[in-house]
């Protein structure tokens with residue numbers, strides 16, 4: 001099941017938060033959602049960087065971290081060959097792997113941003129959203145896509 005909502009992804013109640021990042025051992029976690037996560041839960045970035053530096057994180061792969069005290073679990077998806085552009089082949093593979101992982105692990109819910117369409121520069125309406133609908137609609141996991149980001153301090 002998939003829902004598109006407006007709100008603050010980091011204030012949600014989903015069991016996991018997923019995001020797209022560059023493959024390999026790049027140090028590009030200093031912008032966007034990755035920066036917000038690292039400021040709020042620095043242990044997440046430390047754990048991810050350890051994995052990324054191992055050389056076992058390439059295009060379309062996912063890395064997961066179980067929920068911890070006071071925080072959701074995280075799924076980092078290698079949607080970008082570099083820090084500046086996502087690609088549809090990487091995103092497609094990562095989304096398919098995410099859906100299979102969530103089904104196998106009986107994950108109740110996953111929050112996602114407009115993955116690949118912000119800093120990744122892919123077209124949200126033409127490419128990314130239809131892909132998410134195709135792969136994330138079936139199955140028992142509830143995917144909550146924060147299509148419009150708003151935090152508690154913003155007003156309409």
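Quick note: the coordinates plus some simple rules give every number you see, no bench work behind them. Keep in mind that this is a model prediction, so the values were computed, not measured. Because the Cβ atoms are built from the backbone with ideal geometry, glycine has one as well, and the counts that use them run over all protein chains shown.
Here are some notes:
- Stretch gain in nm, segment residue 40-residue 5, where the contour uses 0.36 nm per residue and the Cα spacing is subtracted: 10.4 nm
- Footprinting exposure proxy for 4, 74 (fewest neighbouring C-beta atoms within 10 Å first): 4, 74
- Here the spin labels are modelled as points 7 Å beyond Cα on the Cα-Cβ line, and at residue 88 and residue 51 they lie 2.7 nm apart.
- Each part reduced to its alpha carbon centroid, the stretch 114-132 and the stretch 30-62 end up 20 Å apart.
- Take every DSSP beta bridge whose two residues both sit in the stretch 1-121; close to 35 percent of them are antiparallel.
- Sorted on the mean count of surrounding Cβ atoms within 10 Å across their residues, most packed first, peptides 43-55, 88-100, 137-149 read 88-100, 137-149, 43-55.
- Per-residue ellipticity at 222 nm, computed for the chain from helices alone with -39500 (n - 2.57) per DSSP H run of at least four residues, works out to -9500 deg cm²/dmol.
- Residues 1, 83, ranked from the fewest to the most other C-beta atoms within 10 Å, line up as 1, 83.
- Normalised contact order of the stretch 1-151, rounded percent, pairs of Cα under 8 Å and 6 or more residues apart: 35
- Spin-label zone in the stretch 46-75 - amide nitrogen under 16 Å from a point set 7 Å from the Cα of residue 108 along the C-beta vector: 66-74
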